[in-house]
Amino acid sequence: MALKRIYKKDLNIASENEWEIWAYCPAHDDKHRPNLYITKDNAVGYCFGCGFTCKVLGLNANVKKVKKPKANVNWADLQDAYTVPTKGYEVNLNKLAKKFGVDISTIMKYGVGWNGSACTIPIYNELGCIIGMQRRWANGQNRVVRGSGLGIFMSSSILRAIRRPENTVLLITEGFSDATVATYLGFPVIGRISCTSSTEVITRFIGKTGITNIILIADNDDAGKIAAEKLVKKLKISLTSPLRCDIILSEKGKDLREMYEQCGYEYTKKWIQDRINLIRKLGERDG
Ligand SMILES: [Zn+2]
């Protein structure tokens with residue numbers, strides 16, 4: 001049976017990298033998240049929601065012959081990020097959102113799924129490919145799936161910031177919860193898996209995007225501070241472009257999420273915005 005043909009320009013695309021596209025499926029009421037997965041090398045799309053398959057035209061056949069990085073994780077594990085909302089998906093994502101004090105759409109921007117017992121949070125490399133998965137249970141425990149790459153947590157809203165690197169002050173947080181809080185407050189952010197991990201991917205991400213203004217929001221303890229300083233040092237050594245880096249420690253609580261919990265939306269947002277303005281001013285002064 002011939003595949004239904006559809007033009008790329010007619011798709012509602014959620015994310016795209018050199019190898020693949022995630023789009024909202026045109027064949028079913030695809031609202032919650034993109035379920036249509038398209039591989040560029042054969043231009044075939046498959047919907048994880050309804051089973052719709054299609055041939056995608058207008059892909060610009062000169063797909064780079066760069067080998068897609070392989071994650072050492074089972075495809076079944078990675079797929080958690082994209083599986084159709086099964087029973088419990090919305091309820092449990094809502095629970096997670098409530099716990100962090102954010103809304104469910106913020107959680108969804110991170111491609112979070114639900115595998116029946118845990119929320120599954122995709123870990124990306126600097127190219128936007130999923131290289132791992134973190135699971136997060138209702139009791140607050142979390143664990144990275146074995147074989148996962150030490151990448152970053154990243155939301156779909158980071159794309160806007162990447163397009164204009166010269167205007168962007170990128171926040172880097174430790175962990176998924178701080179990252180979601182920063183996204184909810186409206187800031188471009190990437191999250192490290194832990195305070196000592198993800199250094200390589202962050203370095204490549206910043207090098208690739210060309211962002212030069214960075215604020216690290218570190219955990220409010222010695223370990224957090226030392227780890228942040230280490231990352232700044234590594235970035236400054238590795239990157240050729242001049243980098244403006246600021247490290248800030250949450251004013252209250254042990255991390256950004258706790259500070260947000262105690263100080264509220266407006267105060268925390270202004271606290272970050274003030275530091276962003278400061279780093280921008282320094283940038284203008286330096287020309
Ligand atoms: Zn579909």
Practice problem: Go through segment 197-208 and give me each residue that's buried (at least 18 other Cβ atoms within 10 Å of the Cβ) and part of a helix (DSSP H, G or I). | Solution: Val201, Ile202, Phe205, Ile206
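Please pick out the residue among Gly88, Gly101 that is under 30 Å from Phe176 (Cα atoms), more than 12 Å from the ligand (Cβ to nearest atom) and at pLDDT below 85.
Working: Gly101 fails: at pLDDT below 85.
The unique qualifying residue is Gly88.
Of everything in segment 45-56 that's hydrophobic (A, V, I, L, M, F, W, C) and within 9 Å of the ligand (Cβ to nearest atom), which residue is surrounded by the most Cβ atoms within 10 Å (Cβ to Cβ)? Reasoning before the result, please.
Step one: filter segment 45-56 for residues hydrophobic (A, V, I, L, M, F, W, C), giving 47-48, 50, 52, 54, 56.
Next, only the ones that are within 9 Å of the ligand (Cβ to nearest atom) stay: 47-48, 50, 52.
Working: Cys47: 22, Phe48: 18, Cys50: 14, Phe52: 19.
Only one residue tops the list, namely Cys47.
Taking segment 219-265 on its own, how many of its residues are hydroxyl-bearing (Ser, Thr, Tyr), assigned to a helix (DSSP H, G or I) and more than 18 Å from Val189 (Cα to Cα)?
Going residue by residue through segment 219-265, those that are hydroxyl-bearing (Ser, Thr, Tyr) are 238, 240-241, 250, 260, 265.
Now restrict to residues that are assigned to a helix (DSSP H, G or I): 238, 260, 265.
So of that shortlist, the ones also more than 18 Å from Val189 (Cα to Cα) come out as 238.
Here the count works out to 1.
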Quiz item: Quick one: Leu59 ticks every box in (1) surrounded by 11 or more Cβ atoms within 10 Å (Cβ to Cβ); (2) at pLDDT below 80; (3) of a type in the set (A, V, I, L, M); (4) away from the ligand (no atom under 16 Å from the Cβ) bar one, so which box is it?
Solution: (2)
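Output the residue which, of all residues in segment 1-42 that are basic (Lys, Arg) and surrounded by 15 or more Cβ atoms within 10 Å (Cβ to Cβ), is modelled with the lowest pLDDT. Before you say what the answer is, go through the steps one by one.
So the first thing to find is which residues in segment 1-42 are basic (Lys, Arg), and the list is 4-5, 8-9, 31, 33, 40.
Right, trim to surrounded by 15 or more Cβ atoms within 10 Å (Cβ to Cβ) and you get 8, 33, 40.
Numbers: Lys8: 94, Arg33: 66, Lys40: 84.
So, considering only residues that are basic (Lys, Arg) and surrounded by 15 or more Cβ atoms within 10 Å (Cβ to Cβ), the one modelled with the lowest pLDDT is Arg33.
Which residue out of Ile247, Ile237 is touching a strand residue (DSSP E or B) at 6+ places or on another chain (Cβ under 9 Å) and among the β-branched types (Val, Ile, Thr)?
Details: Ile237 fails: touching a strand residue (DSSP E or B) at 6+ places or on another chain (Cβ under 9 Å).
Sole residue among the options that is touching a strand residue (DSSP E or B) at 6+ places or on another chain (Cβ under 9 Å) and among the β-branched types (Val, Ile, Thr): Ile247.
Here's the yes/no breakdown for (1) within 29 Å of Gly253 (Cα to Cα); (2) modelled with pLDDT under 90; (3) in contact with a Pro (Cβ under 9 Å, 6 or more places away or on another chain); (4) assigned to a helix (DSSP H, G or I):
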residue	(1), (2), (3), (4)
Gln134	yes, no, yes, no
Gly140	yes, yes, no, no
Gly149	no, yes, yes, no
Glu166	no, yes, no, yes
Leu170	yes, no, yes, no
Thr173	yes, no, no, no
Thr180	yes, no, no, yes
Cys195	yes, yes, no, no
Practice problem: Could you list, in sequence order, all residues of segment 182-193 that are outside any helix (DSSP H, G or I) and buried (at least 16 other Cβ atoms within 10 Å of the Cβ)? | Solution: Leu185, Phe187, Pro188, Val189, Ile190, Gly191, Arg192, Ile193
Quiz prompt | Residue list for segment 115-133, filter: crowded, with 22+ Cβ neighbours inside 10 Å and touching a Ser or Thr at 6+ places or on another chain (Cβ under 8 Å) | solution = Ile123, Ile131, Gly132, Met133
Quiz item: Are any residues in segment 23-44 under 21 Å from Ile131 (Cα atoms) and either away from the ligand (no atom under 12 Å from the Cβ) or free of Cβ contacts under 8 Å to residues at least 60 places away in the same chain (or both), and if so, which ones?
Solution: Ala23, Pro34, Asn35, Leu36, Tyr37, Ile38, Thr39, Lys40, Asp41
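The values are calculated or read from the model by the stated rules, or taken from the named source; none is laboratory data. Every value quoted in this text rests on a predicted model; they were computed, and no experiment measured them. Backbone-built Cβ (ideal geometry, glycine too); neighbour counts: all protein chains shown.
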